[in-house]
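Q: The structure is given below, and queries will be raised subsequently.
The values are calculated or read from the model by the stated rules, or taken from the named source; none is laboratory data. Small disclaimer: the values here were computed from a predicted structure and weren't measured. Cβ: placed from backbone, ideal geometry, glycine included. Neighbour counts: every protein chain shown. Only protein heavy atoms, including side chains, enter the accessible area calculation; ligands, DNA and RNA are left aside. Shrake-Rupley method; radii C 1.70, N 1.55, O 1.52, S 1.80 Å.
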Amino acid sequence: AASKLEISMPPVVEVEVGDTARIECNFYIPENASYTYIDWFYVDRSNKQVRLYHITASGLLEDDTDYKKRLSLGEDKALSISAVTLQDPKTFVCQVGAGSYGVGENSTELRVYSELPANPDLCSQLSLPPQIARCVSKNSFPPPNITWHKNGEQLHAQEKQVTMPSTLTRESSGLYTVSSALYAPVTREDRHSRYHCTVHYWLRGQRRALDSQPVQVNIFYPAENLKLKVMPSSTLVKEGDNVTLVCEADGNPQPVFSFFKKNLDEWQDLTWLAEPDSGVLRLHDVNKTNTGTYRCQSLDLDDMSQIEEDVDLVVNYIEGVHVKMEPSSTLREGDSVMLSCDAHSPVGLKYQWRDDKGKKLVEGNQLFLKNLTFENSNTFSCKVMAPSVPGLEQSKKVSVAVEGKPRIVAISSPLYVRQDEVINLTCKAIAFPPPTVQWSINGTAHEYVDNQHIASNLTVRVSHDLLRAGAMCRVSNKLGVSEERIQLVVDQKSTAESQGVIIVAIIVAILVVAVLGAVIYFLHKKGKIPCGRAGKQDITKPEARKDKIVVEVKSDKLSEEAGLLQGANGEKRAAADQ
């Protein structure tokens with residue numbers, strides 16, 4: 001027994017034109033192991049293997065080749081090629097993969113012959129028409145008759161033009177198999193023609209007919225016409241677009257395409273930019289330099305004939321957008337100015353003016369601004385559009401700056417404050433050139449700039465001097481000075497609330513002393529507090545002495561009231577008397 005993968009194939013298989021060729025692939029894998037895959041190939045003129053089938057345990061994959069419609073695979077994995085032609089003689093390869101046992105392959109040479117007279121002179125004078133199709137009817141009795149039809153019309157044999165040879169085979173069962181082939185010359189006009197065969201047979205004494213499915217012939221012919229198209233239409237191309245040049249020929253197969261662009265009296269080769277074997281040239285993000293004449297040239301490799309076609313590509317554009325300002329000198333508040341916009345393009349243009357928020361101001365290429373102020377100093381935009389080319393537009397911005405001395409537009413005055421409170425003073429002005437802000441008092445300042453507006457916030461603590469003098473905001477630039485005073489006003493409501501709190505405290509203190517005196521007097525009357533004469537005298541002192549006690553409770557008032565505790569001669573009383 002063999003110990004390795006072995007593949008056995010017949011070295012040569014011969015078949016007549018129009019018949020079916022069957023090529024077997026027998027293989028042995030040790031230990032009855034299964035194959036991993038089986039591949040069928042043919043060897044082309046460049047000695048390169050072209051795959052036809054890929055077979056695995058899970059499925060079958062048929063590759064897209066010229067043989068695709070004529071191939072079939074038997075249960076034993078043998079390859080069958082139907083309707084063999086004179087172009088089919090090739091070497092066919094069977095390759096088997098068997099996992100750990102490796103990969104093996106073998107090949108068979110397919111030879112094709114035709115039943116022609118053996119006389120070489122006669123053979124050279126004959127021109128065998130190509131086979132269009134073969135029709136086979138099996139298991140009939142009596143023998144049927146086969147006719148051929150082109151586009152629904154029956155064909156008849158013509159010497160050296162149309163032939164329809166047929167064979168009749170009687171099977172062992174006594175039934176008949178009839179085979180007929182159609183040979184006929186074809187032209188490019190036949191590329192859309194459809195052929196079918198009709199089997200005429202007898203059934204129960206009646207003549208009947210059965211039509212086959214129609215077939216279409218793949219005809220090879222050189223190109224006669226060439227067409228070069230620009231997509232999208234060349235009248236709508238604008239800068240920034242992607243443009244595709246498509247070259248189409250009416251030959252089969254398609255010829256080899258080349259692209260060129262005319263530069264003065266020379267043609268620049270652009271073939272290297274085109275997609276291979278497609279007749280498509282893509283130009284990305286085009287600009288006006290891409291405008292010009294383009295040429296597509298086709299080359300038929302069979303007869304080396306050339307055809308060429310030219311097309312003009314126009315890339316529409318807008319350039320040189322600029323804005324002119326009159327007068328061009330420095331603008332002051334109250335002045336007027338004219339803005340004019342212009343641009344260049346090979347197509348008609350339309351102009352539009354917009355403000356910095358995108359709001360449309362006016363149609364046309366001019367914008368007139370009068371009685372200028374700081375507030376209408378702004379950035380304006382000139383939008384240039386080409387109505388005939390959708391999407392073709394450009395914009396140009398211009399800033400209009402109005403100069404003047406500062407103007408204070410907002411200030412926090414009057415401002416209600418409380419003593420020792422930390423406050424923010426605000427001063428906002430507008431001016432150009434940009435101004436500086438100065439305060440008449442010290443504090444922590446923060447500035448904010450928005451276009452031609454400037455705002456300054458000063459953080460300070462309220463003092464007696466600040467309440468008396470206020471705060472001055474001074475805004476200046478090279479064209480002048482503006483200043484305003486912020487008036488600080490004491491918040492009377494807060495002061496009244498503070499005084500009310502003090503009065504309530506005094507009343508509460510008096511009530512506490514009165515209650516305390518009443519309690520002491522009550523205890524004395526009940527005899528709960530023994531005291532001598534001195535004690536009684538303290539309790540029963542004249543009213544003037546009691547008033548002085550009350551005054552002492554209020555001694556946290558102004559220091560001038562302390563004089564009430566002194567004697568008539570201005571000297572202080574003794575500690576015992578107090």
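Q: Filter the stretch 140-154 down to the residues that are free of Cβ contacts under 8 Å to residues at least 60 places away in the same chain and more than 60 Å from the chain's Cα centre (by Cα), then identify the one that is farthest from Asp190 (Cα to Cα).
A: This residue is Phe141.
Q: Which residue, of Gln306, Gln297, is touching a Leu at 6+ places or on another chain (Cβ under 7 Å) and among the polar types (S, T, N, Q)? Even if it seems obvious, please write down each step before you answer.
A: Values: Gln297 fails: touching a Leu at 6+ places or on another chain (Cβ under 7 Å).
Checking each option against the conditions leaves just Gln306.
Q: What number goes with the only condition from (1) more than 22 Å from Glu308 (Cα to Cα); (2) touching a strand residue (DSSP E or B) at 6+ places or on another chain (Cβ under 7 Å); (3) surrounded by 15 or more Cβ atoms within 10 Å (Cβ to Cβ) that Asp241 does not pass?
A: So Asp241 meets the others, but not (2).
Q: Residue check, Arg191 against (1) outside any helix (DSSP H, G or I); (2) open to solvent by 80 Å² or more (accessible area, probe 1.4 Å), all met but one. Which one?
A: (1)
Q: Out of the strands (runs of 3 or more DSSP E) lying entirely within the stretch 299-380, which hold 1 or more residues that are crowded, with 18+ Cβ neighbours inside 10 Å and in contact (Cβ under 8 Å) with a residue 12 or more places away in the chain? Steps first, answer last, please.
A: Details: elements: 306-313, 319-326, 337-344, 350-354, 360-363, 366-369.
So the answer is 306-313, 319-326, 337-344, 350-354, 366-369.
Q: Could you list, in sequence order, all residues of the stretch 23-35 that are at pLDDT 90 or above and surrounded by fewer than 17 Cβ atoms within 10 Å (Cβ to Cβ)?
A: Glu24, Asn26, listed by residue number.
Q: Any residue in the stretch 70-78 that is touching a residue at least 12 places away in the same chain (Cβ under 8 Å), of a type in the set (A, V, I, L, M, F, W, C), in contact with a Cys (Cβ under 7 Å, 6 or more places away or on another chain) and in a strand (DSSP E or B)?
A: First, pick out the residues of the stretch 70-78 that are touching a residue at least 12 places away in the same chain (Cβ under 8 Å): 70-71, 73-74, 76-78.
Going one step further and asking which of them are of a type in the set (A, V, I, L, M, F, W, C), we end up with 71, 73, 78.
Within this subset, residues satisfying the condition of being in contact with a Cys (Cβ under 7 Å, 6 or more places away or on another chain) are 78.
Of the ones still in play, those that are also in a strand (DSSP E or B) are none.
Among the residues of the stretch 70-78, not one is touching a residue at least 12 places away in the same chain (Cβ under 8 Å), of a type in the set (A, V, I, L, M, F, W, C), in contact with a Cys (Cβ under 7 Å, 6 or more places away or on another chain) and in a strand (DSSP E or B), which makes the answer no.
Q: While we're looking at this one, here's another question. Against the condition closer than 30 Å to Asn371 by Cβ and in contact with a Ser or Thr (Cβ under 9 Å, 6 or more places away or on another chain), how does Glu308 come out, does it pass? Show your work before the answer.
A: On the way: closer than 30 Å to Asn371 by Cβ: no; in contact with a Ser or Thr (Cβ under 9 Å, 6 or more places away or on another chain): yes.
Judged against the criteria, Glu308 is not a match.
Q: Okay, next question. Would you be able to say whether some residue in the stretch 247-255 is open to solvent by 40 Å² or more (accessible area, probe 1.4 Å), under 30 Å from Leu281 (Cβ atoms) and of a type in the set (Gly, Ala, Ser)?
A: Kept after step one, since they are open to solvent by 40 Å² or more (accessible area, probe 1.4 Å), are these residues of the stretch 247-255: 248, 250, 252-254.
Applying the additional criterion that residues be under 30 Å from Leu281 (Cβ atoms) yields 248, 250, 252-254.
The next check asks that each one be of a type in the set (Gly, Ala, Ser); those that pass are none.
No: zero hits.
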